[in-house]
Amino acid sequence: MSGIATSSRILEQEPCAEFQLNGYVSEICWTPDGSRVAVASLEGEAAVFDVAAGRRAWSRPELLFGISSAAICTEAGLLGCCGDEKKLSLLSLESGETLQELALPAWAERLRFSDDGALMAVAAGREVLVYQREGSVFNPYLTYTEHDSTVSDIAWQPGGDILAACAYGALSLWTGNDAKDHRRFRWKGSSLRVAWSPDSRYLATGDQDATVHIWFVDSGKDLQMRGFETKVLELSWDHSGRYLATGGGVVPTVWDCSGKTGPENRPPVELFGHKAQVKTLSFARQHSLLVAGDEIGDLCAWNPTADEAPGEPLERRTLSSALVYSAFSPDDSHLAIGGADGVVSIFRTRWHERA
Amino acid sequence: MDMRVKDRRVPVTVLTGFLGSGKTTLLNRILSEQHGKRIAVIENEFGEIGVDHELVIGADEEVFEMNNGCICCTVRGDLIRILGKLIKRKDQFDYILIETTGMADPGPVIQTFFMDDELQQALRVDACVTLVDAKHAHRQLDEQSEASEQVAFADVILLNKTDLVTPSELEQLEQRIRSMNARAGIHHTHQAELPLEHILNVEAFNLDEALEIDPRFLEPEYPFEWGGVYALSRGSYTLEFLSGPDPSIDICIFPYRDLETSPEEATLNEVLRSQGAELAARLFSHEYWPLIDGATIVPKQRRYRLKTSLENQKFLIDIPEPGSYFVFTQHMPEEFSMSMKSSTGGPDLSPTASHEFKPDHEHDDAVTSVGISTPGRLDVELLNGWLGTLLREQGLDIFRMKGVLSISGQDRRFVFQGVHMLFDGAPGKPWEPNEERRNSLVFIGRNLNRAELEKGFRECLV
C-alpha cells in the first residue's frame with residue numbers, strides 16, 4: 001500500500017512492514033511493548049504480525065464469519081475476537097491457537113479488556129457480558145441488561161472498572177462489580193461510538209444524527225456538537241485529555257475541552273487537507289500529533305494543539321486504498337494503517353525520533 | 001446508444017407482509033432458484049426467540065439475523081450496522097433481501113436507506129414486495145395499521161394463499177387492495193409461486209411516490225408532534241387544556257434567545273423546524289417535571305409533564321421579558337383543546353409560526369410475543385392435543401406461531417408454522433448425534449398468557 005508522499009516530515013517514506021489481510025480491516029491493536037500488532041478483518045481473519053522481523057507470526061483466515069472487534073489481553077497472553085457469530089474466540093497471542101470459546105446470546109459488536117486485564121466486556125445484542133479473568137481463563141461474571149437497543153460500542157474507564165456502553169436512547173455507565181447500572185445519560189438518539197477522555201473527565205459519543213455529544217462525567221451535563229456532514233464514527237482523544245478529534249466528514253475537527261465549561265461556545269479547529277470522507281483518525285499516544293485517513297487513500301497529519309492555527313498538513317501522502325483504521329504503537333515509534341483492501345502498512349515515525 | 005449511467009449500487013428488496021402471509025416461503029423459493037445472484041438475506045423477527053433462520057432452507061446465502069426488536073423501530077440501528085458491514089464485503093454479495101417482521105411498518109425501513117449517507121451511496125431500494133394472506137387479509141387490514149402501511153408502501157403485491165378463498169372473495173380483496181394502492185403490480189399466488197423477474201431487480205421503488213404516500217417520509221422522527229412560536233409580552237399567561245386521550249401531555253417552552261441563532265439568519269418557521277426542534281428533542285430526552293392543575297410553567301430548558309386528567313385544567317406561564325417563545329407538545333394541541341391567553345383576558349393567542357412534526361411511530365402494545373426455548377423431547381400425542389385446544393380457544397388472538405420441535409422417536413426436527421387457526425408442519429434438518437435437542441417456538445398475538453403457554457408446552461414433554 002506504499003504510495004506517493006508529497007511531504008514526509010512525520011513518517012518514513014516507505015513502510016517498514018506491510019501485510020495483506022483477507023478483507024476490510026476492522027481492528028488493529030498493538031502489544032504494550034510495540035513488538036507485535038494484532039489485526040482483524042470483516043471477512044473473519046485474525047492475525048498477528050511481528051513488526052521488528054517484518055513477518056506474519058500467525059494467521060487464522062476464517063476464524064469467524066466476520067470479525068467486528070478484537071483486543072489484546074497481555075496479562076493472559078491472548079487475543080480476543082468477536083463478530084458476526086454468536087461466540088467469541090480467545091486465541092493465544094503467541095501461536096493463534098484457540099484457548100477458549102464462549103457462547104454469546106447474539107452477534108457481538110465490540111470486545112474490550114479493562115486496563116488491568118482483570119475484566120473482559122463484550123457487547124452482544126442488547127446485553128453487555130462481563131467475564132472475569134482467572135489466570136488465562138475468562139469466566140462469566142456479570143451481565144448488563146436493559147439497554148434500549150443493540151449496544152453499538154463499549155469502553156472501559158482508563159485505569160478503572162466503569163464501563164460505558166452506548167445504544168439508542170442512553171449512554172449507560174456500569175461498574176465492574178455490580179450488574180446494576182451505575183448511571184445513565186439519556187439521549188433520544190443513536191450513539192455509535194464512545195470514548196473516555198484519558199483523565200475520565202469526559203465521555204464523548206459519535207452519533208448517527210451527525211452530532212457529537214460530550215458528557216461531563218461528574219455532573220451529567222452534556223454538550224452537543226453539530227455541523228458534521230455525516231454520522232460520526234471517528235473519535236480520538238489526545239494523551240492529555242484536553243483535545244478531542246472528531247471525523248464525520250471531509251474536514252476533521254478538534255475541540256479544546258480545557259477549562260470548566262469544556263468546548264462550550266468555543267469553535268473547533270478545522271483541519272484541511274482531505275478531499276474525501278475521513279474514515280479513521282488517531283492521536284499519537286504521547287505526542288500532539290493527529291493522523292487521519294480518508295476513503296480515497298489520502299493520509300494527513302497535523303499538530304492541531306499548537307498555538308498557531310494548523311495550516312497545511314505536516315504530512316500528506318496517498319496510499320492505494322481507502323484508509324479505514326489507524327493506530328500508533330504505545331511509544332509512538334510506529335503507525336499502523338489498515339485499508340479497505342486488507343493491507344496493513346506499518347510506518348516508522350520521524351516525529352518520534354525528534355521528540 | 002443508451003447514454004444512461006448504469007446505477008452500480010447493490011439492489012435491495014424489502015420483503016414485507018403481515019404475520020403468516022408467506023414471506024419465508026417466498027424467501028425460500030428465491031434462495032432455491034438458480035438465479036446466479038449472490039444474495040445476502042437479513043432476517044428480522046418480532047418474536048423474542050429467533051426461529052426464522054431455522055425456517056430458511058440451508059443455502060449458500062448468508063442469513064443475518066436480527067431479533068432485538070422490530071426492524072422499523074430501534075433496530076433500524078442494527079439494520080444500518082449490518083448493511084454497513086455488508087457494503088464493506090461487497091465482493092461477496094450482489095443482492096440484498098430484507099425480510100421484515102410481520103409487524104413492521106415498511107416506511108421507516110425504506111427511509112433508512114435515505115437517512116444514512118454511507119448506505120445511500122452503496123445501495124438502492126429496488127422494490128418493496130408485500131405478501132397478503134388472502135384468507136385473513138380483511139381482518140388484518142381492519143385491525144392492524146401496520147398491514148395497511150405494508151399495502152400502501154408496496155411496489156409489488158402478492159395476494160398469496162389464493163387456494164384458501166373463493167374467486168369472488170379474491171376479487172373483492174383485490175378491489176380493496178387496489179383502492180389502497182393503485183400503482184403496485186398485483187399478482188395472485190399459491191405458495192408464493194411467481195417468476196422471480198416479477199420480484200427481483202424490478203426497479204419499481206420510486207422516492208417521489210413514497211413521498212406522495214407519506215409527505216414526511218424523509219423527515220426525522222421526533223418525540224413531539226407539534227411546535228409553535230408565540231410572540232409574548234412581559235407578564236402572565238394561562239395555558240388551558242381540556243381532558244384528552246391521554247392522562248398527561250409533555251411540553252416544553254423556552255425563549256428564542258436560548259438558541260444559537262439570530263432572527264436575521266432565518267425565518268421563524270425555519271428556526272422552529274431546525275434549531276428549535278433540535279433543542280426540544282434534547283429537552284424531551286431529559287427527565288420530566290410533573291405539574292398539576294394551577295401550577296406555574298417557567299419558560300426554560302425543561303420538559304414538563306402536565307396532568308390533564310381533569311375536565312379542564314389551567315397552567316400559568318410567567319414571561320419575564322418580551323420576545324418569541326417556542327412551545328413543543330408531545331401530542332397535537334387540538335387533541336387536548338390547548339389554548340393560550342393573557343391572564344388579563346382577551347382572545348386566545350395564535351402562534352406566529354407552527355409546524356407538525358413526524359412523531360415516533362408506535363406499535364399496538366397489546367401485540368406481544370412469547371418465546372419458549374427448552375431442551376427435551378415431546379410426546380406427539382400430547383402436543384397435538386394441546387395445540388388443537390389452544391388454536392380452538394385462542395386462535396383468533398394468535399396471529400402467528402412458529403417453531404422448531406424435537407419430537408420423541410423422530411430423527412429430524414419438526415418445523416411448523418401457524419396463522420390464526422391454520423397450522424402447517426414438516427420434517428426439517430436431522431438432529432446431529434451429539435447435538436442438544438432443543439425446542440424453540442414463538443407465539444405472536446394479542447392477550448397472550450406466558451405462564452399458561454409455558455405450562456401447557458412443558459406438559460407435552462416426555
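The values are calculated or read from the model by the stated rules, or taken from the named source; none is laboratory data. These numbers come from a predicted model, not from an experiment. So basically every Cβ, Gly included, is an ideal-geometry build from the backbone, and we count neighbours across all protein chains shown. What goes into the accessible areas is simple: the full protein's heavy atoms, side chains included, and nothing from ligands, DNA or RNA. Shrake-Rupley method; radii C 1.70, N 1.55, O 1.52, S 1.80 Å.
A few points about this structure:
- Set of aspartates and glutamates near residue B:6 by C-alpha distance (under 13 Å), chain-local residues within fewer than 8 positions excluded: B:203
- Gyration tensor (alpha-carbon) shape descriptor, the range B:226-356, a/c threshold 1.5: prolate
- With a 10 Å cut-off around each Cβ of B:113-123, the average count of Cβ atoms from other chains is 2.
- Sorted into 10 angstrom bins from 0, the C-alpha pair distances of the range A:237-347 split as 15, 48, 30, 6, 0 percent.
- The range B:367-458, relative contact order [Cα under 8 Å, separation at least 6], %: 41 percent
- Here residue A:180 is the anchor, and the lysines within straight C-alpha reach of less than 29 Å, apart from those fewer than 8 places off in the same chain, are A:86, A:87, A:188, A:221.
- Taken per residue, the accessible surface of chain A reaches 36 Å², heavy atoms only and a 1.4 Å probe.
- Within straight-line cross-link reach of residue B:341, lysines at Cα separation under 22 Å, skipping those fewer than 8 residues along the same chain: B:300, B:307, B:314
- Hz values of 3J(HN,Hα) by residue in the range A:327-337 - Karplus curve (6.51, -1.76, 1.60), Gly and Pro given as x: 7, 7, 5, x, 9, 6, 6, 9, 10, 9, 10
- Across all Cα pairs in the range B:104-176, the calculated P(r) in 10 Å bins from zero up to the longest distance comes to 19, 42, 24, 12, 3 percent per bin.
- The string of couplings for the range B:224-240 from the Karplus curve (6.51, -1.76, 1.60, θ = phi - 60°) is 9, 9, 8, x, x, 10, 10, 8, 10, 8, 5, x, 10, 10, 10, 10, 10 Hz, one whole number per residue in order, with x for Gly and Pro.
- Relative contact order of the range A:5-132, taken over Cα pairs closer than 8 Å and 6 or more residues apart, is 15 percent.
- For residue B:165, net neighbour charge (Lys/Arg +1, Asp/Glu -1) across residues whose Cβ lies under 15 Å away: -1
- Along its three principal directions, the equivalent ellipsoid of the protein assembly as shown from the Cα gyration tensor extends over semi-axes of 43, 39, 26 Å, largest first.
- Chain A: C-alpha gyration tensor shape, a/c 1.5 cut-off, then a/b vs b/c: oblate
- GNM flexibility winner over chain A from A:55, A:193, A:317 (Cα, springs under 10 Å): A:55
- Inter-chain Cβ neighbour count for B:78-89, averaged per residue, equals 5 (cutoff 10 Å, partner chain atoms only).
- Gaussian network model of chain A, Cα within-10 Å springs - most flexible of A:260, A:275, A:86: A:260
- Mean-square fluctuations from a GNM of chain A, with a 10 angstrom spring cutoff on Cα atoms, peak among A:173, A:142, A:88 at A:142.
- Carbon and sulfur %, accessible surface of chain A computed with the full protein complex present, 1.4 Å: 46 percent
- Per residue, the protein assembly as shown reaches -4000 deg cm²/dmol at 222 nm when only DSSP H runs of four or more residues are counted, each adding -39500 (n - 2.57).
- When the charge dipole of chain A is built from unit charges on Cβ atoms (+1 for Lys and Arg, -1 for Asp and Glu) and taken about the Cα centre, the candidate among A:282, A:168, A:120 whose Cα reaches farthest toward its positive end is A:168.
- Label-to-label distance, residue A:86 versus residue B:432, with points set 7 angstrom from Cα along the beta-carbon direction: 1.4 nm.
- Residues along the range A:166-189 losing 10 Å² or more of accessible surface when the other protein chains are present rather than the chain by itself (probe 1.4 Å): A:168, A:186, A:187, A:188
- Taken over the range B:367-458, the convex hull of the Cα atoms encloses 82 Å³ per residue.
- Karplus-derived HN-Hα couplings along the range B:15-30 (A = 6.51, B = -1.76, C = 1.60, θ = phi - 60°), whole Hz, x at Gly and Pro: 9, 10, x, 5, 3, x, 7, x, 4, 5, 4, 5, 4, 4, 5, 4
- Rounded to the nearest 20 debye, the dipole size of the range B:367-458 about its Cα centre is 180 debye, using +1 on the Cβ of Lys and Arg and -1 on the Cβ of Asp and Glu.
- Highest mean packing first, where packing is the average number of other Cβ atoms within 10 Å per residue, the peptides A:278-291, B:105-118 line up as A:278-291, B:105-118.
- Candidates A:211, A:68, A:40 compared by Cα position along the dipole of chain A: farthest toward the positive end lies A:211, with charges placed on Cβ.
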